[in-house]
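Written out below as structure tokens is the structure these notes cover.
The values are calculated or read from the model by the stated rules, or taken from the named source; none is laboratory data. Just so you know, these numbers come straight off a predicted model, no measurement behind them. A quick note on method: Cβ atoms are made from the backbone with ideal geometry, for glycine too, and the neighbour counts reach across all protein chains shown. Surface areas here come from the heavy atoms of the whole protein model, side chains and all, with no ligands, DNA or RNA. Shrake-Rupley method; radii C 1.70, N 1.55, O 1.52, S 1.80 Å.
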Amino acid sequence: RGQFTFHKNDPKYINQLWRDCKYLSEMDVRYAHPEKLKFESAEGCYSKAVITKTDLKVKWAVKAFSDVKEGSSIYAHGMYLSLGKDSYSPRSVLYTASNVHAGDKLLSLPHDWFQDTSRYKLYSQTDVPIQEYVGEKTKVETYRTLYNRNLDESLKDIKCMYWAPQTYQMDICTVNGNVGGNEVVTLENGVLWKQRFETTRDGMFPEGIVSFPFFHFQEWKRVYRSTQLLNSHNIRQANVPGVIITKEGTLPLLSTQRSSSTDWNIQSHPWSNSKPSHFEWIKSDTGATPEHPSYNRFCLRSSKKGNPTGATICNVAASWPPAGNATHIASSVEGSAMVHLLRYPSTSKTTKGTFRRGTNQFISSSWWDEKSINANEDVTLVLTLQITSLHMKEESLVQSLLAMADSNIFLWSGQPSVLLIHVDSTEADEGEKMSELAKALQLIKDKFETDQKETASNQTFHLKNSLVAVVDSKKPVVSRKALMNMAMHAAPTRWIVSGLELERGLVLSKEASYFAIREAKIYADLPGHVFVIPQFASKRDDTRQNSGSEVNPVPEGRVLYTGVGNDLLPTIRTKQSMTSNVAAYDCFQCSDAGVDDGAGTGAGEELTDDRSESRRLMGESSSKRSVEEQIEDLWWDLSVADVYGTPGGFRSSLDLIAKIHDRIEVSLISLLDRSDDHLEYLRYSDKSPILLIDRLGPHKEMMTLDLVPEVDEFGGRNCFNLLRLAQLATVGYKVTVLPGAFAASYPKTRAALCTEPIMKQKQYCDCDFPSESTIREILIDEVKRLGKIAVLLNELDSRVKSVI
């Protein structure tokens, strides 16, 4: 087998063994006919070349775990990868439970147990073998040796592994798999032998624990998606104990040595230092920091892989370019997207960097101007925008979409913002489509591209802390959730706001940035909070703002509205001016809605709130109020208390508020039980939640961007929009609301976007992934992955409480 093999460096003989494998030695012949190329694992070919020699000595040592056998302790409890006390040291240890019933041993064992030389002294002694041979050596029979004895022609059809060609199976397959996992195999003088070994030395391993130096991914690697493995990307730099490797992805290895389950030392955390000149980032997650970009790869478009069930293949990938590069091809995957950076704060010459040799071009060493960002207290607004070929047919429509983005950035009052714009360049190689694409790109550049002559008084001053990029791909539609992940990973601050759908004409309220900053400061020492910002469709424009007013003029080209003030708030509650039924005012109807009441949509006409809403509340029982209604009611009550200084619809005792929060969290968690009504509600919820999220999780070693990202593969307007919020609640994040802040679409914003061609188009709003079976498997994996973390947290909390 070829996973990990040591060879004696013998140029004349050992180093020439591969030549007996034609797949390797005749590679030039194979590549002479590329149309006939077919992948073949060289394991079978090379194994036969070695095993048929009579003058070699080979040992097949049992030194690796594997994910082949379902029902094993690896499937039950996962594989633990611990880095010890000092994650910067080169040491790492793989271990798991010795059997499926020994899982409690893992939970009670310190992650750095192997550094305890008093209890596990033998483990640290490199001159003491871990394995001991027992019993006698016996011969191993392959199907080749069996055939040589009885000439049974049926043996030529034997096949014990699907990845090696039939030609080699007789030589490399043992009869009836007669080599056990506790046996070492050797090749001596052309004969295969096996001998049993034991690991029984007292004090070598903790009770109920087994350890090997390698883990062989044979099955799990075939179904992993990139977002399932984010926790493992830079664990060396993150100063964490390690990770737990499972079929559903990697989980954070939670330290058992804690006084409480949260146990964040905020004062020593990189985000705690508010002095920009003293940032000492340790890249606790894989996202960006004021000094380091994020180099993760994001899958913007994927499809079903042939085998196994639930596996996907990435068709379009993208990643952020290194600082100083204006354009970057994300990866070598065919169809990869091009990422163009139009603007980033560190283009200023006040930031760190150098001048390109022989030119006056300034090259920054980072994206962000760290001197103008407080990474712990500022809040980054993350926006995504998708401009389709239909949008590009109308120049005014593209301008309106860009105005939506620009307006929201303007309202963010100079705090950091990330705007990621996807442009459809499908079939735009020549002719009319090329012209439309070029015009759209020029409009984007005119609006956002950095101008070296910019001054503090011009129209782009509000963009001074903005990162703006264009993703150009050959696919008409990419996953909005993947774009959101990519944009969030570019944020330089601990707190992030994401989820706003610009395509719906949504604009944040005027004070949203103020309320977000306030909560970031209040909860600076209380990690693991998520604040929901409600969204509405306004039935009338805000008459208090007038672009011609001398008292309070609106900047040209922007759509700004006042906030939640005294006169607006009551009309929201009574639905006189606003409704939470945002979908009723969309520009287009969903082709899968199955409902057409003839009322029409878009442009702000008034619709009744009792109209059918696609499939959003399909199957909802009368005994269960929607979690969105509960969140909206809590927001209204707390907002009234904020504005008027008095409670809204209840007596605002802390105990009652706590109970409401508990009910919301229970409602969110219950959505993951995959019952029919919860599954329907979870899948077809038609609003993307707008969330203010803390990148620090509620427990140490939990980093939000890596632990609970959006699922890239769940593209489509109505495709598990509430999944991430439910997952966050499941693993202990405190879900609440951001009082006073909201987003809304207005008749003018919708009229600007709801042009006649757009309104005539019916769009498919369900999940756009082409395989229901794969969608089901991805959902199961996502539920299980976060469920396992929740179980681990519960067990550790129980142990901490029992000690206290």
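Scoring Ile74 on the criteria (1) in contact with a helix residue (DSSP H, G or I) (Cβ under 6 Å, 6 or more places away or on another chain); (2) part of a helix (DSSP H, G or I) leaves a single failure, condition (1).
Is it true that Asp781 is among the charged types (D, E, K, R) and modelled with pLDDT under 90?
For Asp781, the condition - among the charged types (D, E, K, R) and modelled with pLDDT under 90 - is not met.
Hey, could you check the stretch 110-134 for residues that are part of a loop (DSSP other than H, G, I, E, B) and acidic (Asp, Glu) and say which is least open to solvent (accessible area, probe 1.4 Å)? Checked the stretch 110-134; the qualifying residue least open to solvent (accessible area, probe 1.4 Å) is Asp112.
Residues checked against (1) under 27 Å from Glu141 (Cβ atoms); (2) open to solvent by 90 Å² or more (accessible area, probe 1.4 Å):
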position	(1), (2)
Phe4	yes, yes
Leu17	yes, no
Ser47	yes, no
Val68	yes, no
Ile74	no, no
His77	no, no
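Per the listing Ser331, Ser302, the residue uniquely modelled with pLDDT of 60 or more and either open to solvent by less than 20 Å² (accessible area, probe 1.4 Å) or in a loop (DSSP other than H, G, I, E, B) (or both) is Ser302. Out of (1) open to solvent by 60 Å² or more (accessible area, probe 1.4 Å); (2) within 25 Å of Arg236 (Cα to Cα); (3) in a helix (DSSP H, G or I), the odd one out for Leu107 is which? Condition not satisfied by Leu107: (1). For the stretch 654-677, the set of residues classified as under 23 Å from the mean Cα position of the chain (by Cα) and either among the aliphatic types (A, V, I, L, M) or assigned to a helix (DSSP H, G or I) (or both) consists of Glu665, Leu668, Ile669, Ser670, Leu671, Leu672, Asp673, listed by residue number.
Between Lys137, Lys156, the distinction of being of a type outside the set (A, V, I, L, M, F, W, C), on the phi < 0 side of the Ramachandran plot, modelled with pLDDT under 90 and outside any loop (DSSP other than H, G, I, E, B) belongs to Lys156 only.
Any idea which of Thr186, Thr227, Thr142 is touching a Pro at 6+ places or on another chain (Cβ under 6 Å), among the polar types (S, T, N, Q), open to solvent by less than 60 Å² (accessible area, probe 1.4 Å) and touching a residue at least 40 places away in the same chain (Cβ under 8 Å)?
Selected residue: Thr227, the only one of Thr186, Thr227, Thr142 that is touching a Pro at 6+ places or on another chain (Cβ under 6 Å), among the polar types (S, T, N, Q), open to solvent by less than 60 Å² (accessible area, probe 1.4 Å) and touching a residue at least 40 places away in the same chain (Cβ under 8 Å).
Looking at the stretch 53-63, is at least one residue outside any helix (DSSP H, G or I), surrounded by 14 or more Cβ atoms within 10 Å (Cβ to Cβ) and within 30 Å of the chain's Cα centre (by Cα)? Checking the stretch 53-63: not a single residue is outside any helix (DSSP H, G or I), surrounded by 14 or more Cβ atoms within 10 Å (Cβ to Cβ) and within 30 Å of the chain's Cα centre (by Cα).
You will find that of Ile664, Ile669, the residue that is open to solvent by less than 50 Å² (accessible area, probe 1.4 Å), modelled with pLDDT of 50 or more, among the β-branched types (Val, Ile, Thr) and more than 25 Å from Glu756 (Cα to Cα) is Ile664 and no other. Of Val128, Val179, Val175, Val93, all but one fail to be under 30 Å from Lys48 (Cα atoms) and touching a helix residue (DSSP H, G or I) at 6+ places or on another chain (Cβ under 6 Å); the exception is Val175.
Taking (1) part of a helix (DSSP H, G or I); (2) loosely packed, with under 10 Cβ neighbours inside 10 Å; (3) modelled with pLDDT of 85 or more in turn, Glu35 satisfies each apart from (3). Set side by side, the residues Val50, Val29, Val100 differ, and just one is at pLDDT below 90 and among the β-branched types (Val, Ile, Thr), which is Val29. Residues in the stretch 1-32 that are of a type in the set (A, V, I, L, M) and part of a loop (DSSP other than H, G, I, E, B): 1 in all.
Can you say whether Ile158 is under 30 Å from Lys105 (Cα atoms) and of a type in the set (A, V, I, L, M, F, W, C), as far as the supplied structure shows? For Ile158, the condition - under 30 Å from Lys105 (Cα atoms) and of a type in the set (A, V, I, L, M, F, W, C) - is not met.
So, Ile690, is that one open to solvent by less than 10 Å² (accessible area, probe 1.4 Å), of a type outside the set (Ser, Thr, Tyr) and over 23 Å from Gln415 (Cβ atoms) or not? Considered against the rule, which asks whether it is open to solvent by less than 10 Å² (accessible area, probe 1.4 Å), of a type outside the set (Ser, Thr, Tyr) and over 23 Å from Gln415 (Cβ atoms), Ile690 comes out as no. Of the residues that sit in the stretch 719-759 and are hydroxyl-bearing (Ser, Thr, Tyr) and within 21 Å of Met703 (Cα to Cα), which one is least open to solvent (accessible area, probe 1.4 Å)? The residue in question is Tyr733.
So which residues in the stretch 495-519 are more than 21 Å from Ser685 (Cβ to Cβ), part of a helix (DSSP H, G or I) and touching a Leu at 6+ places or on another chain (Cβ under 8 Å)? Passing the criteria: Ala512, Ser513, Phe515, Ala516, Glu519. Among the candidates Ala487, Ala403, Ala440, Ala482, the residue that is open to solvent by 10 Å² or more (accessible area, probe 1.4 Å), part of a helix (DSSP H, G or I) and either modelled with pLDDT of 90 or more or in contact with an Asp or Glu (Cβ under 8 Å, 6 or more places away or on another chain) (or both) is uniquely Ala403.
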